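Asker: Supplied in structure tokens, the structure appears directly below.
The values are calculated or read from the model by the stated rules, or taken from the named source; none is laboratory data. All of these numbers come straight from a predicted model, not from anything done at the bench. No Cβ is skipped: glycine too gets one built from the backbone with ideal geometry, and neighbour counts run over all protein chains shown. In case anyone asks, the SASA skips ligands and DNA or RNA and just uses the protein heavy atoms, side chains included. Shrake-Rupley method; radii C 1.70, N 1.55, O 1.52, S 1.80 Å.
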Amino acid sequence: MKRLGSSLLLVLFFVGLLCFPALSISGASAGILLWFQKVLPVLLPFILASRLMAASRLMDRFSPRTCGILMGFLCGYPMGAVWASALVQSGRISRQEGQQMLLFCNQPSPMFLTGYIGIQCLGFRQALPLLLCAYLPSLAGALLTLPALREAQAEPENAPPLTLSAFETCFLESCETLVKIGGYILLFSILASWTTLLPLGPLPRAILLGFCEMTTGTGVLGTLDLPLPLAGPLCLGLASFGGLSCLGQTGSCIQGSGLQLLPYTAGRVVLGLISAALLLLYLTFLAGPAGA
């Protein structure tokens with residue numbers, strides 16, 4: 001039954017490409033540009049550095065919880081998934097601990113939240129409230145559920161030298177990860193372009209776009225001239241969830257690690273709703289008249 005469902009989806013996608021070629025090409029072009037201009041320059045250095053640190057066992061000097069929280073919270077999607085997968089595969093943490101780290105440490109980056117969501121989409125320049133609403137639920141969950149991670153060794157044992165061959169291997173693995181991420185961005189950008197065919201109003205369409213690809217959807221929400229107490233929680237909730245595109249990227253990064261995507265997805269929905277509710281409470285009761 002599962003195989004039949006997958007085959008049906010593939011056939012429908014192929015039919016959609018044939019029936020709506022102009023929309024498909026437009027969506028694909030937007031996805032490729034988003035990947036090339038925004039994702040590739042930001043993620044490639046971080047993914048390469050992470051793989052080099054894992055290959056040289058440099059991360060053995062630090063607490064796994066510290067590594068996961070810092071990389072996930074500071075670098076954005078899908079670096080939390082990359083780091084959790086690397087820690088599980090290297091044996092530093094158990095699969096259960098990795099599953100918890102995946103949920104709480106795979107986050108939108110501070111620059112994306114404050115620069116893109118806050119300023120470009122919402123015109124909201126109060127960075128601290130936005131970051132607190134976004135990160136407090138995940139940070140509290142990480143601190144409560146990850147207290148038993150093993151401490152790092154003082155010195156890594158049998159740390160291999162970082163050779164040119166090791167660098168090339170890490171670079172090729174990083175490029176493979178980025179190509180997979182680009183494929184998911186391309187796919188969901190095409191699907192997002194097809195939402196223009198649906199008989200939806202501007203707001204439901206923007207939410208559906210964000211559910212497919214968060215950057216596109218939140219950008220459209222920012223153009224609708226919505227009141228800040230409505231636009232803010234919607235944008236933050238979509239960013240905290242990540243959209244189907246980020247789910248696909250996360251799935252590609254945890255392949256072979258034993259980590260599961262379904263519990264992560266359910267957890268991100270809950271965390272996104274909590275973040276949106278916190279921002280709604282702030283904008284309703286604590287922010288100034290304009291929320292700026």
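Asker: Are any residues in the stretch 44-67 open to solvent by less than 10 Å² (accessible area, probe 1.4 Å) and modelled with pLDDT of 75 or more, and if so, which ones?
Answerer: Once the filter is applied, which keeps residues that are open to solvent by less than 10 Å² (accessible area, probe 1.4 Å) and modelled with pLDDT of 75 or more, the stretch 44-67 yields only 47.
Asker: Under 8 Å between Cβ atoms, which residue pairs at least 6 apart in sequence (or on different chains) link something in the stretch 157-171 that is aliphatic (A, V, I, L, M) with a partner that is surrounded by 10 or more Cβ atoms within 10 Å (Cβ to Cβ) and modelled with pLDDT of 70 or more?
Answerer: 159/56; 162/52; 162/55; 162/56; 166/52; 166/55; 166/56
Asker: Out of 281, 244, 226, which single residue is more than 18 Å from residue 23 (Cα to Cα) and not in a helix (DSSP H, G or I)?
Answerer: Step by step, each of 281, 244, 226 is checked, and only 226 is more than 18 Å from residue 23 (Cα to Cα) and not in a helix (DSSP H, G or I).
Asker: Across the stretch 90-103, which residue is modelled with the lowest pLDDT among those that are surrounded by 17 or more Cβ atoms within 10 Å (Cβ to Cβ) and farther than 18 Å from residue 243 by Cβ?
Answerer: 92
Asker: Report, by residue number, each residue of the stretch 215-239 that is touching a residue at least 60 places away in the same chain (Cβ under 8 Å) and either open to solvent by 10 Å² or more (accessible area, probe 1.4 Å) or touching a Lys or Arg at 6+ places or on another chain (Cβ under 6 Å) (or both).
Answerer: 215, 216, 219, 222, 228, 229
Asker: Could I ask something else about it? Got a number for residues in the stretch 5-45 being over 30 Å from residue 170 (Cα atoms) and assigned to a helix (DSSP H, G or I)? Step through it out loud before you land on a result.
Answerer: Within the stretch 5-45, the subset over 30 Å from residue 170 (Cα atoms) is 5-27.
Narrowing further to those that are assigned to a helix (DSSP H, G or I): 5-19, 21-27.
Number of matching residues: 22.
Asker: Continuing with this model, one more query. Quick check, is residue 204 more than 24 Å from residue 13 (Cα to Cα), surrounded by fewer than 18 Cβ atoms within 10 Å (Cβ to Cβ) and at pLDDT 85 or above? First the steps, then the outcome.
Answerer: Values: more than 24 Å from residue 13 (Cα to Cα): no; surrounded by fewer than 18 Cβ atoms within 10 Å (Cβ to Cβ): yes; at pLDDT 85 or above: yes.
No; evaluated as a whole, the condition is false for this residue.
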